[in-house]
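Any read-out appearing in this document is the output of simple, stated calculations on the displayed coordinates, not a laboratory observation. Since we're looking at a predicted model, the values are computed, not measured. Quick reminder, even Gly has a Cβ in these numbers, built from the backbone with ideal geometry, and neighbours come from all protein chains shown.
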Amino acid sequence: MIKISAVLVLYHPDLELLRQNLNAITPQLDRIYIIDNSPETDIGSWDGFESTHIYIPLRCNTGIAAAQNVGIEKALQDGTEMIYFLDQDSVSPENIIEKLVLNFERLNERGIKAGAIGALPINCITGKSYIPPTSSAAGIEGMTEVREMISSGSLIPTSALEKAGTMMEELFIDGVDHEWCWRAKAKGGYRFFIVNDCQLSHHIGQGDRRMMWWKVAIPSPFRTYYLYRNIFILSRLSHVPLSYKIKNSLKLLFKIGYYPIFISPRKEYAKNIFKGIRDGIECVASIHHLDNKN
């Protein structure tokens, strides 16, 4: 039997939703490493935890990448062979692990080196599926090959993490999962797949606004800071696709004017955009080892 554990990162969680989340996924896994990024908080005595739950409070917000790395390290020490990554507000469907493993084995039988296999994310607000850019490679029946995927609902073999390295902590939150996929492809030739009939309800951003014939995604002001800061960091990395660098740089350039004018709180968006740009330039100037990360 393959030993499979989960890494679940918390940040001021809704405990009732967390209970639903854990009740759904616990029977499907050997262990769940629950890393709590909530500042000055410890819910270790909460009655929703079971013997297979390993709760680790960090008592400060270290960012999702650093928190995931804590869980990954613990899982590797315990001999975990595959890690399932999950957000605190995403409730996994029944048999999701079994489905992901079966499809992962199908890929192995075909000689395909899969770095991650994941559920199809469904926007919990709109009910629509979110499929990242697809690969130009031939598809596999029942699966869609993608260039990158979000971490929530993804199953990653620990061998891929050992080859490609763990999550890039400098990014803190935005782009962490995508950067890892691009790095895993560059370092190990890994490929990534979505299982089409395996769906996971997921909260993506703050919703969309329509502007003429475009839909503009609306992040929180907090997340906006990291969008702008991290585009400078990601643009410095050789394994990040050029198409991503160009497309997202142009999008963010347009949104410099859009967010502070059309989205409230306007001053917060303006402040976070320009702080992100300033800090992004400083990050690139001060960090010289980015391309050698992991």
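Scalar couplings 3J(HN,Hα) for the stretch 170-186, obtained by applying the Karplus form with A = 6.51, B = -1.76, C = 1.60 to θ = phi - 60°, are 4, 6, 6, 9, 7, x, 4, 5, 5, 4, 5, 4, 5, 5, 5, 5, 5 Hz; x denotes Gly and Pro. Given a cut-off of under 8 Å on Cα pairs at least six residues apart, what relative contact order in percent is computed for the stretch 1-117? Reported as a whole number, the value is 36 percent.
Here the simple spin-label model places points 7 Å from the Cα toward Cβ, and for Leu102 and Glu50 these points are separated by 2.2 nm. Cross-link reach is defined here as a Cα-Cα straight distance under 13 Å, omitting same-chain residues fewer than 8 places apart; for Lys187 the aspartates and glutamates meeting it are Glu162, Glu179, Asp291.
3J(HN,Hα) along the stretch 140-146, derived from phi through the Karplus expression 6.51 cos²θ - 1.76 cosθ + 1.60 where θ = phi - 60°, amounts to 10, 3, x, 9, 10, 7, 10 Hz, with x in place of Gly and Pro. Reducing the stretch 1-70 and the stretch 155-188 to their Cα centroids gives an inter-centroid distance of 20 Å. Near Tyr55, the amide H atoms lying under 5 Å from its own belong to Ile34; only residues 5 or more places off or on other chains count, and H is placed 1.01 Å from N.
Couplings 3J(HN,Hα) for the stretch 30-45, derived from phi with the Karplus relation 6.51 cos²θ - 1.76 cosθ + 1.60 (θ = phi - 60°), are 7, 8, 10, 9, 9, 9, 9, 8, 5, x, 6, 10, 9, 10, x, 8 Hz, where x marks Gly and Pro.
For Gln88, the residues whose amide H sits under 5 Å from its own are Val9, ignoring neighbours fewer than 5 places away on the same chain, with H placed 1.01 Å from N.
For the Cα atoms of the chain, what angle does the longest principal axis make with the long axis of helix 266-286, in degrees from 0 to 90, nearest 10? The helix 266-286 is inclined about 80 degrees to the chain. Taking the Cα centre of the stretch 4-202 as origin and assigning +1 to Lys and Arg Cβ atoms and -1 to Asp and Glu Cβ atoms, the resulting dipole is close to 760 debye.
Cross-link pairs exceeding 25 Å between alpha carbons, from the set Lys128/Lys271; Lys163/Lys255; Lys128/Lys247; Lys245/Lys267; Lys245/Lys275; Lys99/Lys247: Lys128/Lys271; Lys163/Lys255; Lys245/Lys267; Lys99/Lys247. Taking the chain as a Gaussian network of alpha-carbon nodes connected by springs under 10 Å, the highest mean-square fluctuation of the residues Ala66, Ala164, Ala186 belongs to Ala186.
Largest mean-square fluctuation among Thr166, Thr134, Thr158, in a Gaussian network model of the chain whose springs join Cα atoms under 10 Å apart, belongs to Thr134. Helix 242-262 and the long axis of the chain differ in direction by around 60°, with both axes built from C-alpha atoms.
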